[in-house]
Amino acid sequence: MKHFLLLIFCGCCLSAYPQTGSTYQVPPDAIRDLVLAPPVPDVSFNGSNDYMVQLHRSSLPPLEELAQPEHRIAGLRLNPSNFGSSRQTYYNELRLTQIPSGQSRTIIGLPSDFRGLGLQWSPSQKSFAVQHHGTNAIDLYVIDLADAVAKKVNSRPLNGVIGSAFAWLNDSTILYKAAANTGKSAPVAPLTPAGPVIQENIGKVAAARTYQDLIKTPHDENLFDFYAKAQLVRLDIKTGREEPIGPEAIYRSFSISPDQQYILTGIIQRPFSYLVPFTGFPTSYQVIDLKGQLVKKIADIPSAEGAPIGFDDVMEHPRYISWRDDQPSTIFYVQALDKGLGRKPAEYRDALYTLNITDSDPRLLTRTKRRFRRIEWGTDQIALLYEGMNADRSYRINLLNPATGVQDSLQQRSSNDLYNDLGNVVTTRNRFGKSVVQVLKNGTVLFTAAGASPRGDLPVLRSMNLKTRAIKELWRCQEGWYEYVVRVVDSEKGIIITKRESPTESPNYYLRNLTRRIAPIALTQFPNPYPALEGVSKEKIKYKRADGIDLTATLYLPKGYNKEKDGPLPLLIWAYPREYKSAADAAQVRGSNYTFPTLSWGSPIYWVTQGYAVMDNAEMPIVGEGKQEPNDNFIPQLYLNAHAAIQAAAQLGVGDSTRVGVGGHSYGAFMTANLLAHTNLFKAGIARSGAYNRTLTPFGFQAEERTYWEAPEVYYNMSPFNFANKIKTPILLLHGEMDNNSGTFPIQSERLYNAIKGHGGTVRYVTLPFESHGYAGRENVLHTLWEQHQWLEKYVKKSQ
C-alpha cells in the first residue's frame with residue numbers, strides 16, 4: 001500500500017517520556033493565539049426565563065495551579081487545602097442579563113480571585129447561590145436579582161469532595177455540607193507500616209473494570225474518611241442562624257423532598273473497597289426529618305465488588321433511589337428481576353417500586369422488559385419511562401400511568417438510530433418547583449431533538465398527541481445555521497429561547513416567537529473569539545468505504561486556498577472509532593455542516609492555519625451485525641475507514657496522497673497505533689493518552705463487554721503492543737503523568753514506546769507533568785501543540 005498525504009488524527013494516545021532534558025516550547029503564534037483565546041461564556045437561565053447569568057471562564061490555568069497538593073484516593077482527586085475536588089474548570093466572572101431587554105450588569109461582591117462552581121437558582125427563581133473555591137476554603141455566596149450583589153452566607157467552610165455541596169430548602173433557607181474536619185490535622189502516614197497490605201478473596205466472583213486512583217493502604221482509608229466527612233447544616237439566610245442536622249458522616253448524596261419536609265441521605269459505610277471507587281462503597285440510604293431524626297431506612301447497599309460487570313448487568317439491590325418529583329414525599333427505586341444478569345434470558349428485567357414516607361411497605365408500580373434507564377415524572381396519570389439494552393442497542397420510551405402502573409409504548413428504536421430519535425421531553429416546574437413533563441391543554445407534549453437527517457443535524461421542536469400519537473413539527477433549524485432550542489418559555493404561546501451559530505458566527509442566544517412573524521431578539525452578542533479562522537473553508541463531505549457504508553467528515557481548508565492553483569495539501573484527519581450493531585445505523589449522517597468551529601486544547605483544526613487540510617470527526621464505524629460483535633473485525637474495518645477517508649480527500653483534489661498522518665486521543669490513540677501497526681497508509685501518527693495492551697484491561701474496555709478469557713483472540717489482535725515490531729511509521733506518544741481515566745494508565749504509553757524502540761522504530765514519548773486524561777495546564781497544552789506541530793512538519797508536510 002502507498003503512503004498517502006493524508007493525516008488521520010484520531011483519539012489517540014501520546015505519552016511523554018523523559019529521554020533528554022527539555023524546556024517548555026510554544027507552537028506557532030497563530031496556534032498559540034487560538035488556544036489562549038477566552039472561550040464563549042456559558043449561560044444559566046432562571047426558571048422564570050426573565051433573567052440569565054453569563055458565566056465567564058479563563059482559557060487555561062497555569063501549570064502552577066495543577067501542581068498544588070492533591071490526594072488521589074477512592075476514585076477521587078481532592079484538594080486537601082479546601083476540602084473540595086481538584087482540577088475543576090472555574091468561572092471567574094458572572095454577569096446578570098435581563099430578558100428580553102438585554103440589559104446586563106456585572107455582579108459585585110464576589111472575591112477578586114473568584115473561582116465559581118455549582119450555580120443553583122432559588123425556588124422562587126429570584127436569587128441564586130454559587131460556590132467560591134478559595135485557596136483554603138469553599139464558601140457560599142447568594143446573589144439577589146434585585147441588586148446583583150453577592151453576599152457570603154456560610155460560617156463553616158463547605159465540603160465539596162463528593163457530590164453537590166448545597167441545596168435550597170426554600171427561598172430563605174439553604175442546606176449545605178460543612179467540612180467536618182476543617183482546622184484539624186490530617187492523618188499522617190506512618191514512617192513504617194504496621195504490616196503488609198493484604199487483600200483476599202475466597203471463592204467469590206469479584207471481577208472489576210480497570211479503575212485508577214483507588215484506595216491502596218489503611219492510610220488512604222483514613223485520608224478518605226478525614227476529607228470526605230461532612231456535617232449537614234441548615235442555614236437561615238436572613239438571620240444567619242445555622243443548625244446542624246444529623247450526624248457527621250460521608251454523604252454520598254442528600255436531597256430534599258418536594259414538600260421540603262424530609263431529607264433523603266446516602267451515607268457511605270466502611271469497609272472501603274480497594275477494588276472499586278467510592279461509587280461502589282457500601283451505602284446506607286435513609287430518610288431523616290429537618291431535625292435530623294430518622295424517619296425511614298430505605299436500603300443498605302453492599303459493596304459493588306461482587307457486582308456483575310456486563311453493560312446490561314446491575315446489582316440485585318435497589319438502585320436509582322430518589323424522590324418522585326410529582327409527589328410531596330414519595331421515594332422510588334428500581335430493582336432487578338433477573339438477578340442483575342443482562343445476558344440471562346428473562347421476561348422482565350427490572351421492577352419500579354414506590355414508597356410513601358407514611359407507608360410501611362413499598363408498592364410495585366410497574367416492570368420493564370429491558371433495563372430501566374430513567375423516568376420523567378409528570379402528572380398523577382402521566383410519566384415517561386425509558387428502557388433499553390446494550391446488547392442489541394434496543395431503546396424504548398413508554399407512556400406510564402403512575403396511578404395504575406399501566407404503560408404503553410411511545411417509541412421503540414435502536415439507540416444508534418439518530419434519524420428516528422424522538423428527543424428530550426420539554427418540562428415545566430410544578431407546584432413543588434420540580435421539573436416534570438409539561439402536558440399542554442390539548443393533551444400534547446413537546447420534544448426537542450437534534451434533528452439528525454441525511455442533510456446533517458437540523459434541530460427540531462415537535463409535539464406529540466399522547467392519545468393519537470400524532471407528531472407535528474413546530475419549528476426546525478434553517479439550513480445554513482446550527483440552532484437549537486435551549487428553553488421553552490411559553491409552550492402555549494410558542495415562545496422559545498434558542499442558541500444559534502454558523503461556521504462564521506459565534507454561538508449566541510435568541511428569543512423567538514413561533515406564533516408571530518417577527519425577527520428573533522438577540523439576547524447575547526458574544527464576539528467571534530477566533531478571528532484568525534475567518535475565511536477558513538468548512539464543509540461536511542460524504543463518501544463510501546469499500547463495503548458500501550456511507551461515511552462523513554468535516555473538511556477544513558486554509559483561508560484563500562485554491563486547489564487548482566495550490567494543489568493538494570498535507571491532510572490531517574481526526575477520528576474516533578464507534579461501535580454499531582447495524583450497518584444502516586453506522587451509515588447515518590451525524591453532526592452539522594453549520595456549527596461554529598469551537599476550539600479546545602485537543603482540536604486538530606489549529607493546523608488549517610499552518611497549510612494543512614483538516615478532516616475532523618472522520619467517521620470510523622466498527623459494525624457487528626446479528627450474533628457477531630463489532631470488535632470481531634476491528635482491524636479490517638479500521639483499514640476500510642481510513643482508506644476511504646484518504647481516497648475521499650484525494651479525489652476532491654485537496655489531499656496529497658503521498659503525505660498522510662493519523663492521530664487522536666484516548667480510544668482514538670489506540671486506533672492510531674493499530675493503523676500504524678497494520679497498514680502502510682500514513683507518513684506519521686500522533687497518539688495521546690491511549691491504551692495499547694488490552695490484556696491490562698481484561699474485564700472489558702470501551703464497548704467490548706467480553707472478558708479477556710472469553711475472547712482472548714480479540715484482545716490479542718486489537719492490542720497494537722503485540723505488533724509493535726511492525727510499527728515503522730513515526731509515532732508521537734503523549735500521556736498525562738496523572739491520567740485518571742479507566743484503563744489508560746501511563747504505563748500503556750511507556751511500554752509501547754519501549755517496544756517500538758526495541759525494534760528500531762521511530763518514536764517520541766512525552767510525559768506531561770501533573771496532567772490527567774485531558775490536559776489543562778497552559779504550559780503543557782502549548783507544549784503539546786508544539787510537539788504535534790514539529791512532528792507533522794517533519795514527517796508529513798516535508799516528507800518525500
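Points worth noting:
- The per residue volume of the convex hull around the alpha-carbon atoms of the stretch 503-565 is 173 Å³.
- Taking every alpha-carbon pair within the stretch 748-800, the share separated by more than 16 Å comes to 55 percent.
- Cα Rg over Rh - the stretch 624-705, Kirkwood: 1.02
- Computing FRET efficiency as 1/(1 + (r/R0)^6) for LYS794 and LYS126, where r is the C-beta to C-beta distance and R0 is 60 Å, gives about 0.50.
- Counted charge near ALA522, where neighbours are those whose Cβ lies closer than 14 Å (Asp, Glu -1; Lys, Arg +1): 0
- Taken about its Cα centre, the stretch 169-274 carries a charge dipole of about 160 debye when Lys and Arg each add +1 at the Cβ and Asp and Glu each add -1 at the Cβ.
- Point-charge dipole on Cβ atoms (K/R +1, D/E -1) for the stretch 451-561, about Cα centre, debye to 20: 420
- Solvent exposure of THR595, expressed as accessible area, is near 40 Å², computed with a probe of 1.4 Å over the protein chains only.
- Seen from a random direction on average, the alpha-carbon convex hull of the stretch 23-107 projects onto 9.2 square nanometres.
- Simple rule: put +1 on each Lys or Arg Cβ and -1 on each Asp or Glu Cβ in the stretch 134-190, find the dipole, and look at GLY183, THR135, TRP168; the Cα lying farthest toward the positive end is GLY183.
- Residues of the stretch 219-262 with amide N under 12 Å of the 7 Å Cα→Cβ point at ASP289: 261-262
- Net length gained if the chain between ASN424 and ASP361 were fully extended (0.36 nm per residue, minus Cα distance): 19.4 nm
- Estimated [θ] at 222 nm from DSSP helical runs (n ≥ 4, -39500 (n - 2.57)) normalised by residues in the chain, nearest 500: -3500 deg cm²/dmol
- Loop trypsin sites (Lys or Arg not before Pro), the stretch 509-570, which have at most 13 other Cβ atoms in a 10 Å radius of their Cβ (DSSP): ARG516, ARG517, LYS559
- Local electrostatic count at GLN412 - Lys and Arg +1, Asp and Glu -1, tallied over other residues with Cβ under 11 Å: +2
- Model label sites at LYS627 and ARG431, defined 7 Å from Cα along the beta-carbon direction, differ in position by 5.7 nm.
- Of the residues LEU733, ILE747, PHE701, the one whose Cα sits farthest towards the positive end of the charge dipole of the stretch 656-800 is LEU733 (charges of +1 on Lys and Arg Cβ, -1 on Asp and Glu Cβ, taken about the Cα centre).
- The fraction of Cα-Cα pairs per 5 angstrom bin, counted from 0 for the stretch 687-749, comes to 4, 18, 26, 23, 17, 10, 2 percent, rounded to whole percents.
- Gain on full stretching of the segment that runs from VAL149 to GLU479 - 0.36 nm per residue minus C-alpha separation: 114.6 nm
- Compactness check for the stretch 537-615: Cα Rg over 2.2 N^0.38 Å is 1.23.
- In Å², nearest 10: area of LEU418 left accessible to a 1.4 Å probe: 60
- Under the combined filter of DSSP loop state and at most 14 neighbouring Cβ atoms within 10 Å, the stretch 769-800 retains none of its GluC sites (Glu not before Pro).
- Given R0 = 35 Å, the distance between the Cβ atoms of THR217 and THR695 translates into a calculated FRET efficiency of 0.85.
- Once all protein chains are placed together, ASP616 keeps about 20 Å² accessible to a 1.4 angstrom probe.
- Exposure rank, largest accessible area first [LYS216, LYS177, LYS238; 1.4 Å]: LYS238, LYS216, LYS177
- Under the combined filter of DSSP loop state and at most 16 neighbouring Cβ atoms within 10 Å, the stretch 369-408 retains these trypsin sites (Lys or Arg not before Pro): LYS369.
- Considering only ALA403, SER799, SER453, the residue lying farthest towards the positive end of the dipole of the chain is SER453, judged by Cα position with unit charges set on Cβ.
- One chain, two ends: GLU200 and SER112. Fully extended at 0.36 nm per residue, the span grows by 26.5 nm beyond their Cα-Cα distance.
- Accessible carbon and sulfur surface of the chain relative to its total accessible area, %, 1.4 Å: 48
- Coordinate range along principal axes, alpha carbons of the stretch 199-312, Å, largest first: 55, 32, 22
- Sorted largest first, extent of the chain alpha carbons per principal axis (Å): 77, 77, 60
The values are calculated or read from the model by the stated rules, or taken from the named source; none is laboratory data. Predicted model only: the values in this text are computed from it and were never measured. Positions of Cβ are generated from backbone atoms using ideal geometry, with glycine treated the same way; all protein chains shown enter the neighbour counts. Just so you know, the surface numbers come from the protein's heavy atoms only, side chains and all, with ligands and any DNA or RNA stripped out. Shrake-Rupley method; radii C 1.70, N 1.55, O 1.52, S 1.80 Å.
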